[in-house]
Each structure stands twice: as C-alpha cells, then as structure tokens.
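Comments concern the structure below.
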Amino acid sequence: MERKCQDIINLPAASSNKGKQIYEIILTELVSKLDPGKPALFRGKRESSIVMFIGLRGVGKTKTCAKYARYHRKKGFRPALVCADTFSTNAFLRLNKAAKDEVPVYGSWFIFCSYTADPAELAAEGIAKFKNDKRDLIIVDTSDRHQQYSTLFEEMRLLSQSMNPDLVIYVMDSSIGQAAFDQAQAFKQSFTLGVIIVTNIHGNSQACGAISAVAAAKCPMILTETGDKSEEFEAFEAEPFVRRLLENPWDKPLEYTLRIMYNHYRRESGLDRQLFFHTRHYSKLDLEKFRRYTIIMDSMTDEELDKPNKVKQMSLERLMEIAEASKVDARQVLQMLKTYKMKTKSFMDLEMKIRNESARPRYAVLTS
C-alpha cells in the first residue's frame, strides 16, 4: 500500500485526483484486511439446524441467546432453546425468563451446581425432543463458568463434538477493545463453523477497537446491543464500516441536503450504532436537540430529505403533518428548518471559498 501511494505522490504535479486515488487505495486495503470473506447471519433453513452458544462469564450470553431465538422467530423460523448449562443453579430459570414465553425451553429444574451432571447428555435430550417437535432451529445455551477463553474453548470443543452443531456462536462484550483480537483468533482456530456476536456497541468507546480487532482476525461477526436494548442483529460488512470511518471528501455533493444534516445528527447523538465516537464534545442540550431534530426528519419523505427545493416549497399544511407525525410542536419543526437554512448558507460559502482558492477536492466541516 505504501509503495502504491508513493507512486501516486511522485506523479507530475499537474496530475489530477491524486488524493482520490490515494483514498481508494487506503479504502481497498482496509476493506481487504477487515473482510472475513464469509457471511455471519444464520441463513440456512433445514429440517433441524443446531446452533451452539458459548461465552465467558458476565458477557450476557444467555440473554443474547434468547434474543437470537426471538429474532429468528420473527423471521419465520420455529426456534427452540436448550439449556445445557449444568454449572449455574439458576441457568434454566434465567433462560426461561429471557425467552419471554415466546420460545420453548428444554432443561432441568433440578441441577444444583452439580459437576457430575453431563451437559452433553442434557443437550442431546433437548435436541432430540425438539427435532421430534419439528423445530427447525435448535439453539443450545452452554455453561459460562470460565473467565479464560482458552479453557472455555477447550471444554466447548469437546461438547461440540458430541452435539455436531451447524454453527457455533461466541458472544463477546465490546468493552474489551482491541484485546478482542486474541480471543477472535483463538475462537476461529477452535471452531471452523464459528461466528462472533459483539454486544454493547452503543455508546461504548472501546467498541470500534473491538470490532476492528475481530474483523482483523477474519472472523465473521454480528453486531447487537446488550440485553433487550435492541431486538435486531446486524451482520458486519467491512466496506460500509470503513467508509463510515474514512469520510470521502470527493463524494461531497454540491448542495447541502437535509439528509446530510440528518446523518450528522444521528452520528453525533449516538443513534447510528455503527459509529462509536463523537467528532467533538457536545452539551446535554445539544444532544437532546440533535435527537429531537432526527425524530422530526424521520417523519419526512426521502424526497424532502434529498431535494432542497422540496423543503423550500413546503406548505404550512405539510409542516403541521410532520409536527403531528413526530409528536412535536410545529415551532420545533420551524426551528429545525431554520437551522437547516443556516447550515446550508455556511456550507455553500465554504464550498465557494474552496473552489475559488484551488482545484482541490471539496470538503466541509460544519459545527453544530
């Protein structure tokens, strides 16, 4: 990569688009390093597929496991949960509670921290029962008694040999940051059919490092929130992630749209879950304003967000409709549009200044 960039820098001064060419080289290189090369979300729908969940103590594995089952139920699957945790006294109770009576759970009420109980036998019983019940997605929750990933993987590898799962999922809390690389690499070596679910990604300063580390280990990855903050699972994709981190100044439009302001406010207020940092420090009032304006713009059409002329021609009736849909006072919608008008002027003034000074690529940094 360095040699390619240097070759472009050494081109004659008259050569155009040097910066854009360097940007594309860096983008391509980062995407290739972070792309695991295979999908992360479970897509197979067979007669009965088995998914095995593993995780260290305290990462929220059981809640994530149940949420994963509920998520696939909404997608048309007939999931079921098997509690194969024979270490925790209340494991079956916790899994039942997390399932919220939406997904059936197999396990035993009578395990009292017995090391002699056989998790493989319990898993086999649950799998056999749900196969007989024609369940097409059987999810097995396992013990989380370990605090070291090496001992966890060793034990779970033996258990997986008896279960023969179609997929093994390792739940990881993103707060460990770049230390996630060693865990991801060891997991990938232990389980060829493995996917990592990274939780606690919203508002966590370590999340970006953890996601980058897992991606660098070439391990398929799914992003979600901790517990019940969100019911969604999002497969990690390298190129969109890198493009969010490396803003491309050559893609800047000539006009400032509400869509640009919308994306800016989503990022700075923390509503965009794939971005984990603020570009500057904001007060609590500013963040509340960002979220309020984002809610208002959520009630607008794509055409209004992307075409400034539609905003200029907006009728009072349409303004009232937006206020009603977003459940705010009409004056707040007017204030949002006034802010947009001010930002548009700042953007165009800066654009003209840059274009007049040189032929370099256009960029704009707008404060809030």
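Quick look at the numbers
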read-out: Residue ranges of helices (runs of 4 or more DSSP H) in region 131-227 with at least 2 members in contact with a Leu (Cβ under 8 Å, 6 or more places away or on another chain) and aliphatic (A, V, I, L, M); value: 207-216
read-out: Filter result (within 13 Å of residue 293 (Cβ to Cβ) and in contact with an Asp or Glu (Cβ under 8 Å, 6 or more places away or on another chain)) within region 311-340; value: 323, 326
read-out: Residue in region 160-175 that is nearest to residue 121 (Cα to Cα), counting only those that are of a type outside the set (A, V, I, L, M) and open to solvent by 10 Å² or more (accessible area, probe 1.4 Å); value: 162
read-out: Single unsatisfied condition, residue 240 versus (1) within 17 Å of the chain's Cα centre (by Cα); (2) under 25 Å from residue 37 (Cβ atoms); (3) modelled with pLDDT of 85 or more; value: (3)
read-out: Helices (runs of 4 or more DSSP H) (entirely within region 278-327) containing at least 1 residues that are touching a helix residue (DSSP H, G or I) at 6+ places or on another chain (Cβ under 7 Å) and hydroxyl-bearing (Ser, Thr, Tyr); value: 284-298, 316-326
read-out: The listed residue being within 27 Å of the chain's Cα centre (by Cα), under 20 Å from residue 92 (Cβ atoms) and charged (D, E, K, R), out of 144, 182, 166, 136; value: 144
read-out: Residue match in region 176-190 (condition: open to solvent by less than 20 Å² (accessible area, probe 1.4 Å) and touching a residue at least 40 places away in the same chain (Cβ under 8 Å)); value: no
read-out: Selection status of residue 342, open to solvent by 30 Å² or more (accessible area, probe 1.4 Å), within 14 Å of residue 256 (Cα to Cα), outside any loop (DSSP other than H, G, I, E, B) and not hydroxyl-bearing (Ser, Thr, Tyr); value: yes
read-out: Selection status of residue 70, charged (D, E, K, R), within 24 Å of the chain's Cα centre (by Cα), open to solvent by less than 10 Å² (accessible area, probe 1.4 Å) and within 28 Å of residue 188 (Cα to Cα); value: yes
read-out: Pairs with Cβ under 9 Å, 6+ apart, first in region 134-155 and under 18 Å from residue 186 (Cα atoms), second open to solvent by less than 30 Å² (accessible area, probe 1.4 Å) and of a type in the set (Lys, Arg); value: 144/61
read-out: Residue list for region 304-322, restricted to those being within 30 Å of the chain's Cα centre (by Cα) and farther than 10 Å from residue 258 by Cβ; value: 322
read-out: Of the criteria (1) closer than 23 Å to residue 211 by Cβ; (2) modelled with pLDDT of 80 or more, which one residue 248 fails; value: (2)
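The values are calculated or read from the model by the stated rules, or taken from the named source; none is laboratory data. Because the structure is predicted, anything quoted here is derived from the model rather than measured. Positions of Cβ are backbone-derived with ideal geometry, glycine not excepted, and every protein chain shown enters the neighbour counts. Surface accessibility is based on the protein's heavy atoms, side chains included, excluding ligands, DNA and RNA. Shrake-Rupley method; radii C 1.70, N 1.55, O 1.52, S 1.80 Å.
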